[in-house]
Every structure is written in structure tokens, then in C-alpha cells.
Amino acid sequence: MTTLLYNHPVCMEHDMGYGHPECPDRLVAIYGALKQPAFAALQWREAPAATLEQLTRVHPQRYLDRIMAAVPKDGLRALDGDTALCPSSGEAALRAAGAACAAVDEIMAGEADNAFCAVRPPGHHAEPGRAMGFCVFNNVAVGAVHARKVYGLDRVAIIDFDVHHGNGTQAVFEHQPEYMYLSSHQSPLYPGTGRSSERGVGNIVNLPLPPYSGSEEIRNGWATLLAPALRAFRPDFIFISAGFDAHRLDPLAQLSFTEEDYAWLTREILAIAAEFSKGRVVSTLEGGYSLSALAASVAVHVKALMEAPALAAQAAARIA
Amino acid sequence: MYEFLKYTVKDAMTPSPLTTTPDTLLRELEKIFETHDFNGIPVLNHEGRLVGMVTKYDLLKAFIFTPDSPIPRYGLIMDRPASSVMSLDPVTVNPDMPLSRLLQELVELQTKSFPVVENGRLVGIISREDVLKALRRTTAA
Ligand SMILES: [Zn+2]
């Protein structure tokens, strides 16, 4: 069985201006790592553009119209102080959201076990009607709703280990008990949401971590808060908002995760996916702004995804 | 041996220090800090009254990450006025304060320098370095 890797050249053309940390080189670094022989078994797929139907399940039509109309013929068009569109950004954003939906389709068709979407712009800050924090469409939310609406799944979970809280994803799902959103993030930090007291309809689980938290804090938080909540939810499908900016080398925050923490977290998520979700996992790229740390962290994350079926089989054999 | 006890702030301070105004931009302040090795600069209003003190620490603090934005707006922050970062009502000292007392305050408040005020007017600034110099002078063998 198979791990899919979604990408598209236009995702590297989305460029928010000289020096912006959410830059095309992030994907160059990631592809560099994933082209190594150890990843030969990865199946590369071109990310299709999300359809209007897929997008309007999360974003109002008038928001989509406004974004597409804002795509400039040349130069940059600012959406907020940190987020901008260049001429390629519209198509990149469509394909970033489309990747998650296509990955769901392939996995539900039994063509693959899991998938990683190496796409940009990222998505978890995008609210239904508002682009912010480098995000235009909420890719992971579009994928999650696609999984439930098209395949009739009862419960879909999203785990977000980006260093920033996914205010957009939380806003999409906080009134919908069919979805669970679980996030670990630094606090205080942008965007300021994600307090433990924000619980939605019992389907939002926030783990704010103080600056300088590292392996011990995230592993404890996972074991005592996030994993028990996720298990109790019994997800039919798991999405990962995979941001790697909690790494100790990242310049945009002050947490101290290492590659090994990302490998560990990924395996933990995969174990729960094997137990409840038939191993179905779609992971989509969010942040991560140290190019070397990003490449190394994505590598161990994707490696864990590729090894998931073997690990699950071993676990099953042990139980039998 | 006990020479230091005879010193007052007036004996060790830098008189007529460089000052700045509340509307001075942070990028100009940064240049001042670069050319002169001051820890802090007194801020005087247009009437010449001391209204604040701005330090390198205050300048740095303007650039930390906040929940408002994923990236501090470095360029825009440089265009903010000194009044947006200065500490208001700074602790001031009198020129006739014994230097031994001032040393005590420097240590306890972990402040690097104090504006020296007499009859409501700024007359000097006294820093850690000034006190160290006085110590050296009064304990020279
Ligand atoms: Zn982030």
C-alpha cells in the first residue's frame, strides 16, 4: 500500500514578496528532502484545483469571488498585513485546497493509505470569510468537509501541531460536533486564540504551550489531553494540519520541538488512525520557516506516514 | 578607604546629557544608541520637562512577537515615536543624593541609569559606569 505526495509547480510560484518567510524555497527544501532514495516508494501526484462545490462547503461564494477578483495581473495585492496575492496565487490557493480533497478521494477508493500535501499557501488561519496569517483558503477544513459530505463519514478529526493556533479551522468547526479540532500551539503568540477554555460544542481541544516548551511538554500534553480526546471521539478519518514552526530552529516562535518529536507525534496519530480510522490520514502543510528544520521535519513526518501500514500490521499481529 | 561615602550624585553624574523628544522616531533613537554608548536617554517635552526615559531595552521590547501579527512589522515599528515605548514617570534622583544610596537603588531596581533632576529641571544622568568610575577613583591604592 501507498503514501501519496501531492504537489504542483504553481504552489512554488505563489510569492508574497522579497524576504517573506512563507516563501517558495520552503517547497524547494521539502522536495529536496523527499527526492532522496529513502522516499522512492512515495507516489507523487499533481494537486488538482478544488472545485467550487468543494470550496463553498467552507467559504461563502462572495468570499471566493472577492479573492479571485483580487488576484493581480502583476505585482502584489495585500489581503492583510502579512498575506498577499501575486498573479499565481489564485491557482496555487485552489490547488492547495484541491490537494486535500483529491487525497481523500484516493484513500477512500483504496488507492492509498495516507497522503501528504506539500502545498502552499497554508490554510489554518483562513476563516470562512477572511484571509489572514499567510492563508487564503482553509485547505484542511475543505478536505475534512469533503470527506464527510462525499463519503458519509460520521466523525472527522483534525490535529494541528503548527506553532500557531488554527483560528480559521476552529471557526469553521466549533459548532459542528461531527468534527473534532485538536491543536497544540504556543501561547501567547499570533493569532491570540486557542485558550483551553475555547471548547466549541465539546469538539475543540486546545493545548496552549508557554514559550520554550519542548519535547516533554508536547508529549505530556499529547498523552494526557489530546490523545484521550481523540480516542474518545473515535474518528473515521484523521487530518493533520502539519506545521513545523514549533521546531527549536524556527524564527517565528519560541517552542523547542525537534524532528524526533514530529516523528513521535506522527506515529502516535497513526496508531490512533490504525485503531479507529482504517489508517486513513491526510496531512497538509501549514507553517515551518527554518528551511533546514522544515526539510528534516517533513522528512521524518512523511517517513512515518510511509511506514504506517507496516507498523499497524505489526501491532495487529502482536494483538492476535 | 571611606572616600566613596563623601561622594554625591553630582560628583559622578554626566551633566547636561543628550536628550530626545517624545516624537523622535525609533529609527532615529537607534542611531543615537549606535553613535553614543548610552543605555537610556531622557525624554523632554517641548517645555523642557522630563516626561520619560527611553532605553535600549524599551527599543528591543518594541520588536517582540505579539498576538497581533505573525511577524513583527519591523519597518513600521521603526517609524513609531519614542513616546510609544518610553517608560513614563521614570525614577529620578537628586544631585545631592549620596552615591552610596544611588548604588543601592541601581542594584535593587536593576536600572542602568537615572535622570538627575533638580527643581524640576533635568541636570544630568548617572549610570552604572559613572558609579563604577567613582568606585575606582575612591579605592585607588
Ligand atoms: Zn504557523
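Just so it is clear, none of the values below were taken in a lab; they were calculated from the coordinates. Please read these numbers as outputs of a predicted model, since none were measured by experiment. Because the Cβ atoms are built from the backbone with ideal geometry, glycine has one as well, and the counts that use them run over all protein chains shown.
So which of A:LEU226, A:LEU207, A:LEU249, A:LEU230 is assigned to a strand (DSSP E or B), over 16 Å from the mean Cα position of the chain (by Cα) and away from chain B (no Cβ under 14 Å)?
Every option except A:LEU207 fails the conditions.
What number of residues in region B:81-124 are of a type outside the set (Ser, Thr, Tyr), farther than 23 Å from B:GLY48 by Cβ and in contact (Cβ under 8 Å) with a residue 12 or more places away in the chain?
Total satisfying the criteria: 8.
Which of the residues spanning region A:155-185 are away from the ligand (no atom under 16 Å from the Cβ) and either in contact with a helix residue (DSSP H, G or I) (Cβ under 8 Å, 6 or more places away or on another chain) or β-branched (Val, Ile, Thr) (or both)?
A:ARG155, A:VAL156, A:ALA157, A:VAL172, A:PHE173, A:GLU178, A:TYR179, A:MET180
Rundown of residues vs (1) of a type in the set (Asp, Glu); (2) assigned to a strand (DSSP E or B); (3) in contact with a His (Cβ under 8 Å, 6 or more places away or on another chain), yes/no style:
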| site | (1), (2), (3) |
| --- | --- |
| A:LYS149 | no, no, no |
| A:ILE159 | no, yes, no |
| A:ASP162 | yes, no, yes |
| A:HIS165 | no, no, yes |
| A:GLN170 | no, no, no |
| A:HIS175 | no, no, no |
| A:SER184 | no, yes, no |
| A:PRO188 | no, no, no |
| A:GLY194 | no, no, yes |
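Out of all the residues in region A:36-63, which are surrounded by 12 or more Cβ atoms within 10 Å (Cβ to Cβ) and among the basic types (Lys, Arg)?
Once the filter is applied, which keeps residues that are surrounded by 12 or more Cβ atoms within 10 Å (Cβ to Cβ) and among the basic types (Lys, Arg), region A:36-63 yields A:ARG45, A:ARG57.
So A:ILE240 fits all but one of (1) in a strand (DSSP E or B); (2) over 25 Å from A:LEU291 (Cβ atoms); (3) among the aliphatic types (A, V, I, L, M); what number is the exception?
(2)
So which residues in region A:284-320 are in contact with a helix residue (DSSP H, G or I) (Cβ under 7 Å, 6 or more places away or on another chain) and within 16 Å of the ligand (Cβ to nearest atom), if there are any at all?
Once the filter is applied, which keeps residues that are in contact with a helix residue (DSSP H, G or I) (Cβ under 7 Å, 6 or more places away or on another chain) and within 16 Å of the ligand (Cβ to nearest atom), region A:284-320 yields A:THR284, A:GLY288, A:LEU291, A:LEU294, A:SER297, A:VAL298, A:HIS301.
Do we find a residue being within 16 Å of the ligand (Cβ to nearest atom), surrounded by 20 or more Cβ atoms within 10 Å (Cβ to Cβ) and within 14 Å of another protein chain (Cβ to nearest Cβ) anywhere in region A:265-279?
The first filter runs over region A:265-279 and keeps only residues within 16 Å of the ligand (Cβ to nearest atom), leaving A:265.
Right, trim to surrounded by 20 or more Cβ atoms within 10 Å (Cβ to Cβ) and you get A:265.
From what's left, within 14 Å of another protein chain (Cβ to nearest Cβ): none.
No.
How many residues are within 24 Å of B:PRO70 (Cα to Cα), away from chain B (no Cβ under 14 Å) and not in a loop (DSSP other than H, G, I, E, B) if we restrict to region A:69-90?
Total satisfying the criteria: 5.
Can you work out which of the residues in region B:37-73 that are of a type in the set (S, T, N, Q) and in contact (Cβ under 8 Å) with a residue 12 or more places away in the chain is farthest from the other protein chains (Cβ to nearest Cβ)?
Filtering first and then ranking leaves B:ASN45.
Before we move on, is B:LEU76 assigned to a helix (DSSP H, G or I), within 14 Å of chain A (Cβ to nearest Cβ) and surrounded by fewer than 13 Cβ atoms within 10 Å (Cβ to Cβ)?
yes
Hey, among A:ALA317, A:ALA295, A:ALA308, which residue is over 17 Å from the mean Cα position of the chain (by Cα), over 24 Å from A:MET180 (Cα atoms) and part of a helix (DSSP H, G or I)? Spell out how you get there, then give the answer.
Working: A:ALA295 fails: over 17 Å from the mean Cα position of the chain (by Cα); A:ALA308 fails: over 24 Å from A:MET180 (Cα atoms).
From the options A:ALA317, A:ALA295, A:ALA308, the qualifying one is A:ALA317.
If you go through region B:33-49, how many residues are within 17 Å of B:SER127 (Cα to Cα) and surrounded by 14 or more Cβ atoms within 10 Å (Cβ to Cβ)?
Number satisfying all stated conditions: 7.
Name the residues in region A:143-189 that are more than 17 Å from the chain's Cα centre (by Cα), within 14 Å of chain B (Cβ to nearest Cβ) and buried (at least 18 other Cβ atoms within 10 Å of the Cβ), would you?
A:SER187, A:LEU189, listed by residue number.
State whether one or more residues within region A:309-318 are touching a Lys or Arg at 6+ places or on another chain (Cβ under 6 Å) and farther than 24 Å from A:ASN139 by Cα.
Scanning region A:309-318 turns up no residue that is touching a Lys or Arg at 6+ places or on another chain (Cβ under 6 Å) and farther than 24 Å from A:ASN139 by Cα.
Given the conditions (1) buried (at least 23 other Cβ atoms within 10 Å of the Cβ); (2) assigned to a helix (DSSP H, G or I); (3) more than 16 Å from the ligand (Cβ to nearest atom), which single one is not true for A:PRO235?
Here A:PRO235 meets the rest and fails (2).
With respect to A:ARG66, determine if the residue is surrounded by fewer than 23 Cβ atoms within 10 Å (Cβ to Cβ) and assigned to a strand (DSSP E or B). Explain how you work it out, then say what you get.
Working: surrounded by fewer than 23 Cβ atoms within 10 Å (Cβ to Cβ): yes; assigned to a strand (DSSP E or B): no.
No.
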